[in-house]
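This report concerns only the one structure given below.
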Amino acid sequence: MSLQIILAIVAGTLCGIFYPTSATKMQWIGSLFVSAIEPFVAPVIFLTVVTLFGGLENLKSIGQIIIKALIYFVLISTSAILFGIGIASLIQPGKINKALLSEILPGQLITSQYPHWVNVVFQNSMLILLLTAVVLGLIINQSRFKKKATYFFDLLRKFVMKLLRYIFVFAPFVAFSGIAYTVGRYGTDSLLPIGKMLAGTYIAMFLFVFLVLGSILLMLKVNIVKFIAAIKNELLYALGTSSSSSVIPLLMDRLELIGLKRDVVRVVTVMGNSLNLNGTCVYLGMSVIFLAQLYNISFSWAELLNIVMIILLTSKGATGIPGTGFLVLITTVNSIQRIPVEGLAVLLSIDRFMSEARAITNTIGHGVAALVVSNTKDKNI
């Protein structure tokens, strides 16, 4: 499957270059796949949380896990935002001739995205779902049917997971169609003027993973390369689907298989789906500075601190679903109130490519967070 996804991405790129007309008609494949996966994410998370809280022997331990996770999420998210701002300030991707951007129409910004309230509603729904699952789990935990109920919900979770894995068989087709559509729709020529931003984003996320997350793992005596190799299939699924949310169920199973504590994995990854999006934070930090450079806007140190705080808050409205990172960027720019909203259209043309970088980095971030919180010393990773 790993090789199939890589070949699909290469083939999709070539299709977009040489057969752009046909490639632009393939968007429905990716949309259909995401539509098929999304209904599974909520049930898996719900059943996972119910099973987790229902089967707990020590409720105090979960409270400690949640507190440790929240502290880690705030610290690592702030680091990711600062890292993105720092890289953008260093390479200055926004210092380009705006006349070269004439092919990127501002109108695309409105017609190509859902309004932000859709994402807000989705986030509130997930919060309600989590709270309901926790309450139900605690009720089961205190009932005399604890073992039977927990076993039932866990069995149901495994059944849903099995169905989800069958759907992921089609991931290579999604990778092919997504890349083909993006390349065919925008063309390589229109991407060249902002290629520095695209390349800079990938470089920033690569450095963040290996320097920041790698250093954290090094303190736990875990090799980042070996860790990434252990979750490589989940990363390729994230790359192919351009979504880190879609692989959360698969990632949880993988992390448990390589030796991380079950309770920690389930709590941290479920919470991290909206509170620990490292790739999205790096992307938001870079994008804000890119747009500021594009319009020759300078920020004071106080304003930069304010921007970090704004991104820290708005990034918690994102999920690993494709497109939500860009929606959060819209909210962020509106909150800053100094950057013209029209500039967002420039980034829209490369959002699909950056979405894949976000998905991979977010997925690695979820895994590292689970490892840090569990503080595992597993030498097999």
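Being under 27 Å from ALA133 (Cα atoms) and surrounded by 24 or more Cβ atoms within 10 Å (Cβ to Cβ) is the filter here, so list the residues in segment 271-294 that pass it.
Answer for segment 271-294, where residues must be under 27 Å from ALA133 (Cα atoms) and surrounded by 24 or more Cβ atoms within 10 Å (Cβ to Cβ): GLY272, ASN276, LEU277, ASN278, THR280.
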Going by the conditions given, is ALA302 out of contact with any helix residue (DSSP H, G or I) (no Cβ under 6 Å at 6 or more places or on another chain) and open to solvent by less than 10 Å² (accessible area, probe 1.4 Å)? no
Kindly indicate the residue of segment 225-247 that is in contact (Cβ under 8 Å) with a residue 24 or more places away in the chain, over 17 Å from the mean Cα position of the chain (by Cα) and open to solvent by 10 Å² or more (accessible area, probe 1.4 Å) and also nearest to ILE91 (Cα to Cα) among those meeting that condition. LYS226
Six or more apart or on different chains, Cβ under 9 Å: which pairs go from a residue in segment 148-168 that's at pLDDT below 80 to one that's acidic (Asp, Glu)? Could you list them? MET161/ASP253
Every residue in segment 333-344 that is part of a helix (DSSP H, G or I), within 16 Å of MET197 (Cβ to Cβ) and either at pLDDT 75 or above or touching a Ser or Thr at 6+ places or on another chain (Cβ under 9 Å) (or both), please. VAL333, LEU344
Condition (residue is assigned to a loop (DSSP other than H, G, I, E, B), out of contact with any strand residue (DSSP E or B) (no Cβ under 9 Å at 6 or more places or on another chain) and in contact (Cβ under 8 Å) with a residue 24 or more places away in the chain) applied to segment 132-143: is it met by at least one residue? no
Residue satisfying condition, being open to solvent by 50 Å² or more (accessible area, probe 1.4 Å) and under 30 Å from ILE17 (Cα atoms), within set PHE168, PHE210, PHE206, PHE159: PHE206
Provide a single number: the residues in segment 43-67 that are touching a residue at least 24 places away in the same chain (Cβ under 8 Å), part of a loop (DSSP other than H, G, I, E, B) and either open to solvent by 40 Å² or more (accessible area, probe 1.4 Å) or within 22 Å of SER245 (Cα to Cα) (or both). 0
Tell me, yes or no, whether segment 9-16 has at least one residue that is polar (S, T, N, Q), at pLDDT below 75, farther than 20 Å from LEU138 by Cβ and assigned to a helix (DSSP H, G or I). no
GLU256 versus (1) touching a residue at least 60 places away in the same chain (Cβ under 8 Å); (2) acidic (Asp, Glu); (3) open to solvent by 30 Å² or more (accessible area, probe 1.4 Å): which is the lone unmet condition? (1)
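Given the structure, is ALA230 over 28 Å from LYS162 (Cβ atoms) and out of contact with any strand residue (DSSP E or B) (no Cβ under 7 Å at 6 or more places or on another chain)?
Answer is no for this residue.
The values are calculated or read from the model by the stated rules, or taken from the named source; none is laboratory data. All values reported here derive from a predicted model rather than from experimental measurement. Neighbour counts run over all protein chains shown; Cβ positions are idealised from the backbone, glycine included. In case anyone asks, the SASA skips ligands and DNA or RNA and just uses the protein heavy atoms, side chains included. Shrake-Rupley method; radii C 1.70, N 1.55, O 1.52, S 1.80 Å.
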